[in-house]
1. So what is the diffusion coefficient of the chain in µm² per second by Stokes-Einstein at 37 °C and 0.692 mPa s, using a Kirkwood Rh over Cα pairs?
2. Using DSSP to call loops (not H, G, I, E or B), can you name the GluC sites (Glu not before Pro) in the range 89-145 whose Cβ has at most 10 other Cβ atoms within 10 angstrom?
3. Give the relative contact order (percent, whole number) for the chain; include only Cα pairs under 8 Å separated by 6+ residues.
4. Within the set of other residues whose C-beta is less than 14 Å from the C-beta of PRO91, count the net charge using Lys and Arg as +1 and Asp and Glu as -1.
5. Just to confirm the filter: which chymotrypsin sites (Phe, Trp or Tyr not before Pro) across the range 75-121 are DSSP coil and have at most 13 other Cβ within 10 angstrom of their Cβ?
6. For the range 9-73, how big is the tail of P(r) above 13 Å, as a whole percent of Cα pairs?
7. What are the ³J(HN,Hα) couplings of the range 20-27, residue after residue, when phi is run through the Karplus curve with 6.51, -1.76, 1.60 and θ = phi - 60°? Round to Hz, x for glycine and proline.
8. Over all Cα pairs of the range 92-143, how is the pair count split among 10 Å bins, expressed in % and running from 0 up to the last occupied bin?
Amino acid sequence: MALKRMDHTGIVVDDLPAAIGFFTALGMELVGQAPVSGEWADRLTALEGLRADIAMLRTPDGNSQVELSVIHSPKATAPAPWEPVSTPGIPRLAFVVDDVDEAIEQLRPHGAELVGEIAQYEDYVRYGYVRGPAGVIIGLIQELG
């Protein structure tokens, strides 16, 4: 077996249009949307009667994608985890941006909440975490120099 590449990261959200708005405000491109259901989807997810809508978004360089899904049925049995960054298994995505302050201001109208503070590591990066759709932690990295 040889790993070829990472294809995408998937996130289940409550509000698909709002999540699309968040990631397009970040600078991602909406590639497409589709409903998902049927026997193949049930087998893949081990969920009987899966009915979902998905959207695929791509980074400007074309190398990374995010799949956003809203699951209509079956309904989730628990809410999304809103745990601290230190919690094992908590999803965290990171994106390189031109200006971390500007990126946060563009994302605030889409529900972004700063987790801690924007911190600078030497002369290398400025880095901040925000909560994105469904509480997913989004790292925003500004490369310096």
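1. 199 µm²/s
2. GLU117, GLU122
3. Across the chain, relative contact order equals 23 percent.
4. 0
5. Within the range 75-121, the qualifying chymotrypsin sites (Phe, Trp or Tyr not before Pro) (loop, at most 13 other Cβ atoms within 10 Å) are TRP82.
6. When all Cα pairs of the range 9-73 are counted, 62 percent exceed 13 Å.
7. 4, x, 4, 6, 6, 5, 6, x
8. That works out to 29, 60, 11, 1, in percent per bin.
Only the coordinates and a few stated rules stand behind these numbers; no lab work does. This structure is a prediction, so every number in the text was calculated from the model and none was measured. Using ideal geometry, Cβ is built from the backbone for each residue, glycine included, and neighbour counts are taken over all protein chains shown.
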